[in-house]
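One structure is given below, encoded as structure tokens.
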Amino acid sequence: MRYNKKAMEKIKTAIIGGGASGLICAAHLQTKNKRIVLFEKLDRVGKKLSATGNGQGNVSNRGVTDTPYFSFDERGAEFARRILQKYDSQSLVDFLRSLGGLCLTDERGRVYPASRQASSLTDLLRREVSARGVDVRLSSVVQGIEKREQGFLLTVLSAGEEKKYWAENVLLCAGGKAAKNFGTDGGGYRLAGGLGHTLTPLYPSLVQLKTDTRWTKSLKGIRAQDCVVRVYVKQEEILSLQGDVIFTEYGVSGDAIFRLSAYIADKIERGEVCLVLDLAPTVTEPDLRAFLEEKKDKYGKEELLCGVVNNQIGRAILRRAEEEKQAVSLVVKRFALPVTGSLGFDYAQVTKGGIPLAEIEPTLQSKKAKGLYFAGEILDVDGPCGGFNLQWAYASARIVADELNQK
Ligand SMILES: Cc1cc2nc3c(=O)[nH]c(=O)nc-3n(C[C@H](O)[C@H](O)[C@H](O)COP(=O)(O)OP(=O)(O)OC[C@H]3O[C@@H](n4cnc5c(N)ncnc54)[C@H](O)[C@@H]3O)c2cc1C
């Protein structure tokens, strides 16, 4: 097809996606004599950013440079670390301060805006992007990108009308496939695919888990507070952490589950994962056994776990111990829940997998199409729960901004 080149708008850099990384990159671009356009398919920028951290915006973590990120590329963690070292947690805090926002760090190293309002992060960024003169086009879906000799030809659908743009550079930061209600339905991968990129397998991460509910059906809505969860893959313990577990009709949710899901997201489908809950972590199994032996003589069996664990959880444990012919103390300390699945991408916060790092330069420029850059979740890099994913969006967007500012 032939296009009238003159009638088309020319852009120095097109940013596709007005999420965390798109806004952060735009907020660092020099715009003097350069036309920068940011296309966002929703009617507002930063909708997901405004919902992060339960609305409080857990924007970073002080442990970023000591915590390995996940990638299907064996050199992926090192690739990410180099970028995160250049633009670390303090750099993000300093940047927000330069925009007029203060941050605070909690006891787990999680960094939040002092306002405890994720939407204030979006407000700060939106204001800076606008002050820089970046042209933000809302409700504009980039439907296609073609690489031509003159640059990139973008097809954008806006208000029912299809428009074409020429862009010298493109930053594709359209996110992953998790939480499609925030505009991220995996469409960014398709755009990258049209430019010669492939895709690793994709898995929902930071997500609630489906488990065998035989023993927990009656516990819907009950929270096991601060229990220890051990994660077994093929019967080998790979991780243990402490936090809240909430029993649901499909399995388990809660802070501990979200955190551990990042480590097993790609293993769940194979049916190899089992969670083992320690529902009384402050006491050892032999001590608990002796304590319960003594208690059994004084009180009825029904009352055995009263005052030890939540009453409803206690009843489920007693039923299980009886049916499985196990000591009650063992069931309390090793309450096994085989994982059967997850709630999937619609409920997940993050996508594990993405554009393979082997197809990307350390500058985050594409090896397939010169002038094409990537940032954020679209890449095959994901972090654990606790501010690591927004930090990745920040650091990767800054690397790209550095590159674009030299052009
Ligand atoms: C509910 C929730 C809570 C979270 N909480 C935290 C947290 O507290 N801390 C943390 O570190 N991480 C958190 N995350 C994860 C974090 O928000 C993401 O990893 C991060 O936003 C990714 O940034 P991004 O710029 O790559 O993509 P996104 O922020 O997802 O932005 C991508 C944007 O691209 C737009 N887009 C997509 N396709 C097109 C197209 N074709 N044309 C135009 N625009 C397009 C989308 O509408 C979207 O606005 C949370 C995620 C969710 C869903």
ask   = Excluding Asp106 itself, what net charge comes from residues whose Cβ is under 15 Å from its Cβ, given Lys and Arg +1 and Asp and Glu -1?
value = +3
query = Along the charge dipole of region 190-289, which of Leu275, Leu209, Tyr263 sits closest to the positive end, that is, farthest toward it, with unit charges on the beta carbon of Lys, Arg, Asp and Glu (+1, +1, -1, -1)?
reply = Leu209
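Reported to two decimal places, what Rg/Rh ratio describes the chain when computed on Cα atoms with Rh from the Kirkwood expression?
Values: Rg = 24.5 Å, Rh = 22.9 Å.
Dividing the radius of gyration by the Kirkwood radius yields 1.07.
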query = For region 247-303 and region 15-65, what is the separation of their C-alpha centers, rounded to whole Å?
reply = 39 Å
Proximal aspartates and glutamates to Lys217, defined as alpha-carbon separation beneath 14 angstrom and excluding residues fewer than eight positions away on the same chain = Glu249
message = Could you tell me the calculated FRET efficiency between Lys367 and Lys86, based on Cβ-Cβ distance and R0 = 22 angstrom, to the nearest 0.05?
response = 0.60
task = Name the long-range amide H neighbours of Val170: under 5 Å, sequence gap of 5 or more, or other chain; modelled H, no Pro or chain starts.
result = Ala14, Leu372, Tyr373
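Using the Cα centre of the chain as the reference point, and only Cβ charges (+1 on K/R, -1 on D/E), how large is the resulting charge dipole? Debye, rounded to the nearest 20. Please list the in-between numbers first.
Numbers: 59 positive and 49 negative charges, 310 e Å.
Magnitude of the dipole: close to 1500 debye.
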ask   = Simple spin-label model, 7 Å along Cα-to-Cβ: Phe291 to Asp43 in nm?
value = 5.6 nm
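Which net charge results when you count Lys and Arg as +1 and Asp and Glu as -1 among the other residues whose beta-carbon is under 14 Å from that of Asp287?
Spelling it out: positives minus negatives among the neighbours equals -1.
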inquiry  = Using the Cα centre of the chain as origin and beta-carbon charges of +1 (Lys, Arg) and -1 (Asp, Glu), tell me which of Ala174, Ser342, Thr31 is placed farthest towards the positive end of the dipole.
reply    = Thr31
Tilt relative to the chain, helix 118-131 - C-alpha long axis, 0 to 90 degrees, to 10 = 10 degrees
message = I'd like the accessible area for Glu361, computed on protein heavy atoms only with a 1.4 Å probe and all protein chains in place. Round to 10 Å², please.
response = 70 Å²
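For the chain, what % of the accessible area comes from carbon and sulfur atoms, probe 1.4 Å? It would help to have the intermediate numbers written out before the result.
Details: 8580 of 18530 Å².
The C+S portion of the solvent-accessible surface of the chain is 46 percent.
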query = Which lysines have a Cα less than 18 Å from the Cα of Lys367, not counting those fewer than 8 places away in the same chain?
reply = Lys147, Lys407
ask   = So, how do all the Cα-to-Cα distances of region 165-280 break down into 10 Å bins, in percent, from 0 on up?
value = 12, 35, 25, 17, 8, 2, 0
message = To check you understand DSSP bridge types, tell me what percent of the beta bridges within the chain (both residues inside) are antiparallel, rounded to 5.
response = 75 percent
remark   = Highest mean packing first, using Cβ neighbours within 10 angstrom, the peptides 148-156, 270-278 sort as 270-278, 148-156
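The values are calculated or read from the model by the stated rules, or taken from the named source; none is laboratory data. Just so you know, these numbers come straight off a predicted model, no measurement behind them. Cβ: placed from backbone, ideal geometry, glycine included. Neighbour counts: every protein chain shown. These area figures cover heavy atoms from the full protein model, side chains too; ligands, DNA and RNA do not enter into them. Shrake-Rupley method; radii C 1.70, N 1.55, O 1.52, S 1.80 Å.
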